[in-house]
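Encoded as structure tokens, the structure appears first; notes follow it.
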Amino acid sequence: MNVEKGDFIKISYTGKFDDGQIFDTTNEDIAKEHQIYNPRGLYGGDVIIVGAGHTIRGLDEELVGKEVGYSGEVSIPPEKAFGEHDPKMVEAYSISKFKDKNVQPGMQVEVEGKRGVVVQVIGRRARVDFNHPLAGKEVTYEYTIENKIEDIPEQIKGLLALYTGIPDIEVEMDGMRGRIITPPEITFNQRWLMSKGRIAEEILENTSVEEIEYVEKYSKQKEEENLEAESEETSAE
């Protein structure tokens, strides 16, 4: 069974630089070993739509035509990875522009709504690089195409996890209507607020679903669990 554009697949991967340094992985053990583990991250593989831009272009293109179960390695040049480094995206600012006036090289900052990294401080001015941190770098990905996902609720759950970092969000199907039951804790999740519209669009474009409905669900049991957790935190303090 070959992979085609528009397919929902589960993929595991590890990304590294030419010197072997690992910067990204779906393997929890590897992440911990190389000190890039994120306790809020999801491990075990990502569900993506092939050709939808859910991963860097070079890897996305590599997947097309491969068989499910295939494992391989691909080297990806900057233009198909995280982009070339653009000197025009390195700008100088007065120290007064920053919230933290003790600006140091390597510090991540936000200026005029843009996020970047301070690369140099001279006197009362700082140069900030707004390029992607991996811009200009050739990268290599080792990957495995775990499976192709045909079940629509599982496809939707996979997209939800990819965008929000929250696994197993409840999904129901009512004919051609998909109903996504959103838990209370997702209400203030910035990733969710920024992406729920796009998630709905991608479901409608890539599945037979004709309508997406978001439903907020609250339960007495869940509320009691939250109160107990808050009580335990207060006692610990």
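Structure data summary
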item	result
Matching residues, the stretch 159-177, being surrounded by fewer than 16 Cβ atoms within 10 Å (Cβ to Cβ) and not basic (Lys, Arg)	GLY165, PRO167, ASP168, GLU170, GLU172, MET173, ASP174, GLY175, MET176
Within the stretch 55-112, considering residues that are surrounded by 13 or more Cβ atoms within 10 Å (Cβ to Cβ) and basic (Lys, Arg), the one farthest from THR140 (Cα to Cα)	LYS97
Count of residues meeting criterion [under 19 Å from ILE49 (Cβ atoms) and of a type outside the set (Ser, Thr, Tyr)] in the stretch 9-23	3
Failed item, numbered, when LYS5 is tested on (1) under 30 Å from GLU185 (Cβ atoms); (2) part of a loop (DSSP other than H, G, I, E, B); (3) among the basic types (Lys, Arg)	(1)
Residue list for the stretch 98-112, restricted to those being outside any strand (DSSP E or B) and over 8 Å from ALA126 (Cβ atoms)	LYS99, ASP100, LYS101, ASN102, GLN104, PRO105, GLY106, MET107, GLU112
Exclusive hit being surrounded by 14 or more Cβ atoms within 10 Å (Cβ to Cβ), modelled with pLDDT of 95 or more, of a type in the set (A, V, I, L, M, F, W, C) and farther than 30 Å from PHE23 by Cβ, set ILE156, ILE180, ILE145, ILE149	ILE180
Per-region count, the stretch 187-202, residues surrounded by fewer than 17 Cβ atoms within 10 Å (Cβ to Cβ) and not charged (D, E, K, R)	6
The lone exception for ARG57 - which of (1) basic (Lys, Arg); (2) without any contact (Cβ under 8 Å) to a residue 24 or more places away in the chain; (3) under 17 Å from LEU134 (Cα atoms) it fails	(2)
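Yes or no, residue by residue, for (1) assigned to a strand (DSSP E or B); (2) modelled with pLDDT of 95 or more; (3) of a type in the set (D, E, K, R):
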| site | (1), (2), (3) |
| --- | --- |
| ILE9 | yes, yes, no |
| TYR13 | yes, yes, no |
| LEU42 | no, no, no |
| GLY58 | no, yes, no |
| GLU62 | no, yes, yes |
| GLY69 | no, yes, no |
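The values are calculated or read from the model by the stated rules, or taken from the named source; none is laboratory data. This one's a predicted model, so the numbers in the text were calculated from it and none came from an experiment. Please note: Cβ atoms are built from the backbone with ideal geometry, for glycine as well, and neighbour counts cover all protein chains shown.
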